[in-house]
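The values are calculated or read from the model by the stated rules, or taken from the named source; none is laboratory data. Everything numeric in this text was worked out from a predicted model, so none of it was measured. Every residue, glycine as well, gets a Cβ built from its backbone with ideal geometry; the counts of neighbours run over all protein chains shown. What goes into the accessible areas is simple: the full protein's heavy atoms, side chains included, and nothing from ligands, DNA or RNA. Shrake-Rupley method; radii C 1.70, N 1.55, O 1.52, S 1.80 Å.
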Amino acid sequence: SQSQYWGSQDVNPVFLQQLRELDIPEEAAKQALLHTRNVSAEEAAMYYFNKLENEEEGDDDLIYKMVFVVNMDLAMGIGKVAAQVGHAAVGLYQALQEKNSWREMAWRWDHSGIVLQIGTNVAHLLELQALAMSLSLPTYLVQDAGLTQVESGSRTVLAIMGEEEMVNNVTGSLKLL
């Protein structure tokens, strides 16, 4: 893609060639030159390698996970459970928009980390939610409207999201659904 800053024609072709000789991919080289205002190939190379180093050392290697703990005390059919997990996912996603760090988490989450686990009852879900919140993990607890299989206000599914190890501290011992 073209640079979001200026057109690629603004990149100094001599500097670009020097960066390419350092095995920096063309698009990354252009971005580095634009970020450093075309001052020099050295400046752009330093920017590129520092950025790369910081990404490797930073949070990019963290794996994020989304967990749905289903209240098994309620007699919900499989369709009802699926609907409640859907509500929990949407509710959690909306909650993730409340803080910058949570938005970043949602953006980095790669959809591979979804787990359904068994919760004993409402007290268990509330206990897990309190623990997750004490670890600053975003949570969302679904309260059902009570139009079909369960009583109004029943807490059906707890959604938790965060860095995998942190989430495992909360739900790691639960059985999978």
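Odds and ends about this structure:
- Those residues of segment 71-93 which are of a type in the set (V, I, T), open to solvent by less than 70 Å² (accessible area, probe 1.4 Å) and over 21 Å from the mean Cα position of the chain (by Cα), in sequence order: V81
- Matching residues in segment 21-36 - criterion: being part of a loop (DSSP other than H, G, I, E, B) and under 32 Å from the mean Cα position of the chain (by Cα): D23, I24, P25, T36
- Boolean, L116 is at pLDDT below 95, part of a strand (DSSP E or B) and open to solvent by 20 Å² or more (accessible area, probe 1.4 Å): yes
- Qualifying residue in segment 133-151 (condition: part of a helix (DSSP H, G or I) and surrounded by 11 or more Cβ atoms within 10 Å (Cβ to Cβ)): yes
- Unique residue being within 24 Å of I63 (Cβ to Cβ) and in contact (Cβ under 8 Å) with a residue 40 or more places away in the chain when the list is M76, M105, M133: M105
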